[in-house]
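Following: one structure in structure tokens, then a few remarks.
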Amino acid sequence: MNTAVDTELREVGGPGALGGGRQRFLDLLWLLAVTEFKRVYFGTVLGYLWSLIRPLMLFGVLLFVFTQVFRLGSEQVEHYPVMLLLGIVLFTFFQESTTNAVTAVVSQEGVVRKTQFPRLVIPLATVLTCAFNLGLNLVVVLGFVLAFGVAPTWSWLLFPVALAVLFVLTAAVSAALSVLYVRFRDVAIIWLVVAQMLFYMTPILYPVTAFEDSTKEQLLMLNPLAVIFEQVRVWVLHEPQAPTAVEAAGGVAGLIPAAAIFLGACVFAVWTFSREAPRIAEDL
Amino acid sequence: MGASFPRVSAAIQVEDLYKSFRIPTHRVDSLKERVIRPFAARDHRELKALDGISFEIEQGEFFGIVGRNGSGKSTLLKLLASIYRIDSGTIRMAGRMAPFIELGVGFNTDLSARENVVLNGVMMGLTPREARNRLDAVVEFAELGEFVDLKLKNYSSGMLVRLAFSLLLEVDADILLIDEVLAVGDAAFQQKCVDAFHEMKSAGKTIILVTHEMGSVESFCHRAMLIEGGRIAVIGAPDEVSREYLRLNFEAPGPGAGADVTGTRTDATVRLLDTSLVDAEGHRANAAEHGGKLRIRTRIEALRDFAGLEISYLIANAEGIAVSQWRFGVGGDPPPPVKAGERLEIVTAAENLLAPGHYLVHLGINVKVEGGMALEMPGAIDFVVFGVANHHALVALPQETVTTPYEGE
């Protein structure tokens with residue numbers, strides 16, 4: 001019991017993206033993500049298996065199509081199955097986080113309208129939950145990587161850098177989508193289509209070199225996700241025939257648009273979220 | 001009570017608070033629409049919810065906020081709780097506040113009580129460690145020890161309310177913001193709430209209670225404030241504020257028939273001055289003991305000369321089931337004539353056979369010979385019956401049992 005009551009008057013800031021102090025923000029973020037993760041993965045009998053089965057099935061189907069039907073994968077890429085699986089698992093993280101985040105703020109309507117709650121926690125907790133999931137899936141991927149005879153190298157240490165960039169991009173997109181959905185309900189449908197497009201605009205099914213055309217490669221490198229995924233392939237699978245992101249983009253200058261899009265997404269997310277956050281409770 | 005409260009330092013300071021809502025005449029809620037018609041007229045009506053409110057609440061004060069629906073009371077509450085953004089003005093606060101706009105609103109029914117208590121504790125400003133340490137105390141007070149790992153979706157509503165309320169007590173904030181919690185739960189739980197409020201009050205917590213029940217304002221609050229039309233109508237002693245609130249609520253809306261927000265309908269025959277449950281000394285009450293007397297007092301003023309005044313009280317329980325109806329002519333049978341301007345006080349008493357619970361009284365006043373309702377007010381009185389009657393029926397009829405040896409075939 002605190003008998004010494006704090007007697008200093010402080011101005012109340014009102015609702016916001018962060019409101020309520022940094023420690024509380026982080027505590028809430030962590031608790032929400034952990035409880036949600038537990039709920040999903042310990043709530044059902046098969047729990048975690050379900051979240052693994054989905055990317056694995058997608059992997060199985062695509063592997064069959066691209067090695068047996070089109071022969072594209074097996075001929076051009078040394079470790080096609082590993083590249084495909086790694087790409088699918090990483091993209092699943094991006095897609096799951098963003099699509100879950102779209103409706104996250106609105107589905108927490110009760111909490112948002114009736115409690116003082118740092119709004120940004122909601123989309124970020126969604127992303128964090130998916131990140132836990134990604135962590136577990138990457139363990140499975142590691143098994144595949146080793147089983148397919150890819151030897152560990154020092155460049156693996158750079159993989160977390162790529163993950164961090166992917167995490168920031170995912171968080172930015174998720175935050176922006178979650179708050180836009182409050183005002184514009186068609187964001188959900190639009191995003192489903194855009195996410196599907198992004199899947200094909202990222203070198204997951206095919207290597208960058210599949211175009212055999214440097215202009216198209218450079219176009220592909222406009223997509224920040226493509227840059228991340230290509231660099232992951234270089235760092236983790238270290239295939240001699242895979243160009244680095246810089247090579248694919250035709251020089252460092254070629255990466256500037258992707259970097260600009262990445263930064264633009266972050267700035268837009270911060271701007272739109274902090275602009276809309278104080279009004280969420282009124283707009284719902 | 002208000003005058004005797006010692007001046008300490010302020011716990012909450014509100015200065016010149018303004019808040020208005022923009023209600024778009026045509027709401028653009030899809031990107032498609034925004035893209036197709038980017039410059040579509042963004043007309044909106046401006047709804048002023050709060051129009052310049054300033055007040056101060058002292059530390060350790062129990063402060064009541066009352067007001068009719070749409071008065072701006074809920075908006076003020078949400079501004080204090082940092083849910084809505086302030087248009088202009090400032091709110092300053094000393095210490096940590098725990099807002100309870102609604103009991104248990106932050107609960108996730110897919111999680112266990114344990115997880116919910118920790119999550120909500122952190123939401124209200126505890127650290128995760130503190131929240132975990134207080135879990136036992138919360139569960140114990142709520143009498144839910146064995147259900148701590150049960151998911152909340154399997155809880156009964158009574159269990160949920162108990163959990164939420166004991167969490168509120170254990171969060172141990174400096175300032176508590178409470179909205180209408182007294183209206184939930186059964187009579188036994190309401191009694192527990194009342195005890196807890198007295199305890200908090202004597203522990204010197206600053207408490208803001210937002211309610212419709214004038215009884216709780218008068219019995220708990222040091223000071224109260226009435227909000228009407230986004231401004232402070234009265235601020236001061238609770239009895240003064242509650243009188244003003246009732247005057248606002250019961251006043252005839254003007255000549256001719258009409259309905260106000262509370263659903264009162266009246267023609268220009270009588271004016272209702274006051275109607276309430278009263279105790280033996282004639283003080284307003286909001287609860288009556290089972291087995292005691294149930295007294296309802298109504299004060300009216302005649303607006304014209306007429307004869308045959310009749311009053312009816314329909315008492316309904318929380319489920320909306322009419323339990324009892326009292327209907328009688330005022331002043332005898334047939335009711336004698338009344339003159340314009342004459343004021344009457346009518347007290348009706350009956351043995352309280354009602355089971356413990358929450359009741360509403362619908363008031364009707366009519367003129368017998370003319371037929372038709374002169375005044376009708378659904379939910380005019382709101383009261384609780386408390387007591388130890390251990391049954392779940394609607395009424396407890398007094399009974400006598402005679403047992404004799406039976407010697408027949």
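See the values below:
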read-out	value
Positions within the stretch A:227-242 being at pLDDT 85 or above and either aromatic (F, W, Y) or not in a helix (DSSP H, G or I) (or both), in sequence order	A:F229, A:W235
Positions within the stretch B:141-157 being in a helix (DSSP H, G or I) and surrounded by fewer than 13 Cβ atoms within 10 Å (Cβ to Cβ), in sequence order	B:G145, B:E146, B:K153, B:N154, B:S157
Residue, nearest to A:E8 (Cα to Cα), within the stretch B:88-140, restricted to residues that are in contact with a strand residue (DSSP E or B) (Cβ under 9 Å, 6 or more places away or on another chain) and among the β-branched types (V, I, T)	B:I91
Looking only at the stretch A:270-284, and only at residues there that are assigned to a helix (DSSP H, G or I) and of a type in the set (A, V, I, L, M), the one that is surrounded by the most Cβ atoms within 10 Å (Cβ to Cβ)	A:I280
Number of the exception - B:L246 against (1) surrounded by fewer than 22 Cβ atoms within 10 Å (Cβ to Cβ); (2) farther than 17 Å from B:S276 by Cβ; (3) hydrophobic (A, V, I, L, M, F, W, C)	(2)
Filter result for the condition that a residue is loosely packed, with under 14 Cβ neighbours inside 10 Å, without any contact (Cβ under 8 Å) to a residue 40 or more places away in the chain and over 18 Å from A:L220 (Cα atoms), over A:V267, A:V252	A:V267
Any hit, the stretch B:21-28, residues being in a strand (DSSP E or B), facing chain A (nearest Cβ under 7 Å) and at pLDDT 75 or above	yes
Residues located in the stretch A:101-130, provided they are closer than 18 Å to A:V40 by Cβ and either surrounded by fewer than 20 Cβ atoms within 10 Å (Cβ to Cβ) or charged (D, E, K, R) (or both)	A:T103, A:S107
Hits in the stretch B:294-353 - residues which are in contact with a His (Cβ under 6 Å, 6 or more places away or on another chain) and under 18 Å from B:L272 (Cα atoms)	B:L314
Whichever residue in the stretch B:33-46 is within 12 Å of chain A (Cβ to nearest Cβ) and surrounded by 13 or more Cβ atoms within 10 Å (Cβ to Cβ) and, among such residues, is modelled with the lowest pLDDT	B:R34
Given (1) within 17 Å of the chain's Cα centre (by Cα); (2) closer than 29 Å to A:A151 by Cβ, index of the condition A:A242 fails	(1)
Test result for B:T127, surrounded by fewer than 17 Cβ atoms within 10 Å (Cβ to Cβ), more than 17 Å from A:R24 (Cβ to Cβ) and of a type in the set (S, T, N, Q)	no
Count of residues meeting criterion [in contact with a Ser or Thr (Cβ under 8 Å, 6 or more places away or on another chain) and either of a type in the set (V, I, T) or farther than 15 Å from B:A349 by Cα (or both)] in the stretch B:302-332	6
Residue in the stretch A:184-195 that is surrounded by 21 or more Cβ atoms within 10 Å (Cβ to Cβ) and either over 21 Å from A:I88 (Cβ atoms) or touching a residue at least 60 places away in the same chain (Cβ under 8 Å) (or both) present	yes
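The values are calculated or read from the model by the stated rules, or taken from the named source; none is laboratory data. Computed from a predicted structure; not experimentally measured. Reconstructed Cβ throughout: ideal geometry from the backbone, glycine too, with neighbour counts over all protein chains shown.
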